[in-house]
1. Return the residues of segment 55-66 that are touching a Pro at 6+ places or on another chain (Cβ under 9 Å) and open to solvent by less than 30 Å² (accessible area, probe 1.4 Å); say none if nothing qualifies.
2. Any residue in segment 11-27 that's assigned to a helix (DSSP H, G or I) and open to solvent by less than 40 Å² (accessible area, probe 1.4 Å): show its pairings with residues that are acidic (Asp, Glu) and at pLDDT 95 or above at Cβ separation under 6 Å, as long as the two are six or more apart or on different chains.
3. Could you give me the residue pairs with C-beta distances under 9 Å whose first residue belongs to segment 78-103 and is open to solvent by less than 60 Å² (accessible area, probe 1.4 Å), whose second residue is aromatic (Phe, Trp, Tyr) wherever it lies, and which are 6+ apart or on separate chains?
4. With the requirement that a residue be of a type in the set (A, V, I, L, M, F, W, C), open to solvent by less than 10 Å² (accessible area, probe 1.4 Å) and over 17 Å from GLY114 (Cα atoms), what does segment 31-53 give you?
Amino acid sequence: MPHPDEGFEEPLNLTSDTFLMEQALRQARRAFQAGEVPVGAVIVHDGIVVARAHNQVETLKDATAHAEMLALSQAQEAFGDWRLNDCDLYVTKEPCPMCAGAILHCRIRRVIFGVGDPKGGAAGGLLNLLQQPTLNHRCEITPGVLEGESLAVLQSFFKAAREAAKERKNDSPAD
């Protein structure tokens, strides 16, 4: 006799960390297609996505156009306030110090990220700015959500970039 749950999938939880990180991964893939470092971010308030963004540093010729920064600006516009107290940020890669500073200033409640960055991350990788005890705000941090998928997108991007650079070098005329 079959088990009563056999053949039935778990109901889709539209507010789960995994589901929301998949939304950030969609943004990262958009960045990849645009030739940008593939990092994506979404900001959520009460289970509703209020902002979506991906890196646009090259597109906008703006070093501050990281996914997190653009998503924070969108969310602030949506709320008409710079304070995002009850919002959570999902990002495919651990935020850098610049983004972590902005996240703190906006008072994001929780930061959920995919892959860590031991060389430059500010959510526990290189340093932990998001939970610095001397600052007036701290964020809850949830690392490693869809880490493998987030890492794979970044590795694919940089592999393709290295191959393209190699091709350009091979196609250039010899001196």
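The values are calculated or read from the model by the stated rules, or taken from the named source; none is laboratory data. Remember, predicted model here, so these are calculated numbers, not experimental data. Heads up, the Cβs are rebuilt from the backbone with ideal geometry, glycines too, and the neighbour counts pull from every protein chain shown. Note: areas computed on protein heavy atoms with side chains; ligands, DNA, RNA excluded. Shrake-Rupley method; radii C 1.70, N 1.55, O 1.52, S 1.80 Å.
1. Applying the first criterion (touching a Pro at 6+ places or on another chain (Cβ under 9 Å)) to segment 55-66 yields 55, 66.
ASN55, the sole residue that qualifies.
2. Filtered contacts from segment 11-27: LEU25/GLU149.
3. CYS87/PHE79; LEU89/PHE113; TYR90/PHE113; VAL91/PHE113; THR92/PHE113; LYS93/PHE113; GLU94/PHE113; PRO95/PHE113
4. ALA51
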